[in-house]
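A.B. asks: Sharing a structure, written as structure tokens. Questions coming.
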Amino acid sequence: MRNYFIFLFLGLSVVSFAQSRSKATSLDAEVAAMAKEISADSIKSHIQKMVSFGTRHSLSDTVSATTGIGAARRWVAAKFLQFRKQSGAAMTVELDPYEITPGARTPRVPRKVTMKNVVATLKGSDPNDDRVLLVSGHLDSRASDVMDSVITAPGANDDASGVAVVLELARVMSKRKFPCTVIFMAVQGEEQGLLGARHMAGKLRAGNVNLIAMLNNDIVGNSTASETGDKNDKTIRIFSEMIPAVESEEDKKARESLKSENDSPSRQLARYIKEVSEPYTKGFTATVNMRPDRFLRGGDHTPFLQNGFIAVRFTEFNENYTQQHQTLRTENGIEYGDLPKFVDYAYAANVARINLATLASLAKAPGHPENVKMKVNLDNITYLSWEAAKSGPKPKGYYVLIRETYQPFWEKKIYVTDLKAQLSLSKDNYFFAVQAVGEKEHLSQAVMPVPLR
Ligand SMILES: [Zn+2]
């Protein structure tokens, strides 16, 4: 980054990201306390309990009290209800049913079946704040044959680890109050075709819900790679889409004229997560993987993206393919199967802390700025303007984020208290975005400008 910034408006303060990260004072004491409360033992007990249901296949038994998806759903709901007590009844719990019929869109569902998502909603403390955050994992499991609903399918890592993270977040966060609403969700039907996520995303879209971020936790508890044996228990991957799955004609035009293919709202969220959550997880980091998902894979964030929401996926850095989607067996000395003994609970706890810092930071921050615009004059000055968010805590100011066009992460930020900024920087050489700053330094998501004609 060049160091000869000249600003036409004096009095703007420029902060580099290295400086802002090293400021220990920017940590929120309540978020730090919650991160400390996240317990690997608690995650371990959640995972072991889910594995005890034998299989959680979406077409498995729904009547038994001890085996199958029905028992697993009721157990998750009972855990949420337990946490509801400490929320002072601010959290509501429901089993949200939806019927899946066999058809072209549901090749992995051979008969009509009623599936249920387990949904806990921690209502925001500010009745005027309509923002909603959602964190999800999938409750269902599978063995080698995706259609076998009877065979043992422990799914300890895929995805009891994700549901355990969601439960642990609900346990810790339900004791506190946040201005906006947080939904904790364990979905069904992921392995049969992302069915539970499709149901919820469609429902939130139909209800015009102001969902500002969806975090999908799927396969977040293993640290050692199959084949190579490489271990990494210090990194979680964040996957985010490049070009939005759906965009309005206006958004598409803006993207094409700004060449902002690396700046979808979900990519901004991924950068945000890395920036705000790493200070709460000593030595544990998040990578911004610049693709929507892993090679040939998909997940529950996908239907949310297809419904126009901002969504990312968390998955461990090293995956183990002798464990995922495998029938329990030993072959050539290799033990196959997704068993609790392979889960790194301390690792999953750190993933939960990344989620927690993200959710709490977003919840406490102002809503993101709206209608961010950039003038299209052919000159060397950049003029930006925006409006305050309609909901969320009141911002005290804004950061204009700046990076050179070849850089993956924001490099500099300029603090302004106005709803506009004028910078002596060429639009050709830099990308810009704007984020709101709360009274206690909490940051909103960053928003890219659209050209103002
Ligand atoms: Zn999964």
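The values are calculated or read from the model by the stated rules, or taken from the named source; none is laboratory data. Since the structure is predicted, the reported quantities are computational estimates derived from the model, not experimental observations. Cβ sites come from the backbone with ideal geometry, for glycine too, and all protein chains shown count toward neighbours.
For every residue, the table says whether it meets (1) surrounded by fewer than 18 Cβ atoms within 10 Å (Cβ to Cβ); (2) part of a loop (DSSP other than H, G, I, E, B); (3) not basic (Lys, Arg).
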{"residue": "His57", "(1), (2), (3)": "no, yes, yes"}
{"residue": "Ala65", "(1), (2), (3)": "yes, yes, yes"}
{"residue": "Ala71", "(1), (2), (3)": "no, no, yes"}
{"residue": "Lys85", "(1), (2), (3)": "yes, no, no"}
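A.B. asks: For Val146, which of the numbered conditions (1) within 16 Å of the ligand (Cβ to nearest atom); (2) buried (at least 22 other Cβ atoms within 10 Å of the Cβ); (3) not charged (D, E, K, R) fails to hold?
C.D. replies: (2)
A.B. asks: Might you let me know whether the range 157-178 holds any residue that is within 13 Å of the ligand (Cβ to nearest atom), acidic (Asp, Glu), under 25 Å from His57 (Cβ atoms) and buried (at least 24 other Cβ atoms within 10 Å of the Cβ)?
C.D. replies: yes
A.B. asks: Further, regarding this structure: Only one of these conditions is not met by Ala201: (1) surrounded by fewer than 24 Cβ atoms within 10 Å (Cβ to Cβ); (2) away from the ligand (no atom under 16 Å from the Cβ); (3) touching a residue at least 24 places away in the same chain (Cβ under 8 Å). Which number is it?
C.D. replies: Only one criterion in (1) surrounded by fewer than 24 Cβ atoms within 10 Å (Cβ to Cβ); (2) away from the ligand (no atom under 16 Å from the Cβ); (3) touching a residue at least 24 places away in the same chain (Cβ under 8 Å) is unmet by Ala201, namely (1).
A.B. asks: hydroxyl-bearing (Ser, Thr, Tyr), within 16 Å of the ligand (Cβ to nearest atom) and either assigned to a helix (DSSP H, G or I) or closer than 23 Å to Asn262 by Cα (or both): which single residue out of Thr302, Thr287, Thr358 fits that description? Even if it seems obvious, please write down each step before you answer.
C.D. replies: Values: Thr287 fails: within 16 Å of the ligand (Cβ to nearest atom); Thr358 fails: within 16 Å of the ligand (Cβ to nearest atom).
After ruling out the rest, the residue left standing is Thr302.
A.B. asks: Now for a separate question. Only residues that are touching a strand residue (DSSP E or B) at 6+ places or on another chain (Cβ under 8 Å) and within 14 Å of the ligand (Cβ to nearest atom): list them for the range 305-339, please.
C.D. replies: Those that are touching a strand residue (DSSP E or B) at 6+ places or on another chain (Cβ under 8 Å) and within 14 Å of the ligand (Cβ to nearest atom): Arg313, Phe314, Thr315, Glu316, Asn320, Gln323, Gln326, Asp338.
A.B. asks: Select from the range 183-198 the residues that are under 19 Å from Leu133 (Cα atoms) and out of contact with any helix residue (DSSP H, G or I) (no Cβ under 6 Å at 6 or more places or on another chain) and write down the one among them that is surrounded by the fewest Cβ atoms within 10 Å (Cβ to Cβ).
C.D. replies: Per the stated criteria, the residue is Ile183.
A.B. asks: Out of Pro265, Pro292, report the one residue that is away from the ligand (no atom under 16 Å from the Cβ) and either within 12 Å of the chain's Cα centre (by Cα) or touching a residue at least 12 places away in the same chain (Cβ under 8 Å) (or both).
C.D. replies: Of Pro265, Pro292, the one residue that is away from the ligand (no atom under 16 Å from the Cβ) and either within 12 Å of the chain's Cα centre (by Cα) or touching a residue at least 12 places away in the same chain (Cβ under 8 Å) (or both) is Pro265.
A.B. asks: Take Leu134 and tell me if it is more than 16 Å from the ligand (Cβ to nearest atom), assigned to a helix (DSSP H, G or I) and not charged (D, E, K, R).
C.D. replies: So Leu134 does not fit the description; no.
A.B. asks: Considering each of Asp96, Asp61, Asp41 in turn, give the residue that is among the acidic types (Asp, Glu), modelled with pLDDT of 95 or more and more than 24 Å from Leu194 (Cα to Cα).
C.D. replies: Working: Asp96 fails: more than 24 Å from Leu194 (Cα to Cα); Asp61 fails: more than 24 Å from Leu194 (Cα to Cα).
Answer to the selection: Asp41.
A.B. asks: In the range 204-234, what residues are within 16 Å of the ligand (Cβ to nearest atom) and among the aliphatic types (A, V, I, L, M)?
C.D. replies: Met214, Leu215, Ile219, Val220
A.B. asks: Please go through the range 341-354 and pick out each residue that is of a type outside the set (Val, Ile, Thr), buried (at least 20 other Cβ atoms within 10 Å of the Cβ) and within 16 Å of the ligand (Cβ to nearest atom).
C.D. replies: Across the range 341-354, the qualifying residue is only Ala348.
A.B. asks: For the range 87-114: of the residues being over 23 Å from the mean Cα position of the chain (by Cα) and closer than 17 Å to Met185 by Cβ, which is surrounded by the most Cβ atoms within 10 Å (Cβ to Cβ)? Talk me through it step by step, then tell me what you get.
C.D. replies: Taking the range 87-114 and keeping what is over 23 Å from the mean Cα position of the chain (by Cα), we get 88-89, 97-114.
This time we only want the ones that are closer than 17 Å to Met185 by Cβ, so: 97-98.
Numbers: Pro97: 11, Tyr98: 18.
Within the range 87-114, the match that is surrounded by the most Cβ atoms within 10 Å (Cβ to Cβ) is Tyr98.
A.B. asks: Does Asp129 qualify as being touching a Ser or Thr at 6+ places or on another chain (Cβ under 9 Å), under 30 Å from Ser391 (Cβ atoms) and surrounded by 20 or more Cβ atoms within 10 Å (Cβ to Cβ)?
C.D. replies: On the way: touching a Ser or Thr at 6+ places or on another chain (Cβ under 9 Å): yes; under 30 Å from Ser391 (Cβ atoms): yes; surrounded by 20 or more Cβ atoms within 10 Å (Cβ to Cβ): yes.
Against the criterion (touching a Ser or Thr at 6+ places or on another chain (Cβ under 9 Å), under 30 Å from Ser391 (Cβ atoms) and surrounded by 20 or more Cβ atoms within 10 Å (Cβ to Cβ)), Asp129 qualifies.
A.B. asks: Filter the range 211-232 down to the residues that are among the acidic types (Asp, Glu) and surrounded by 17 or more Cβ atoms within 10 Å (Cβ to Cβ) and list them by number.
C.D. replies: Asp218
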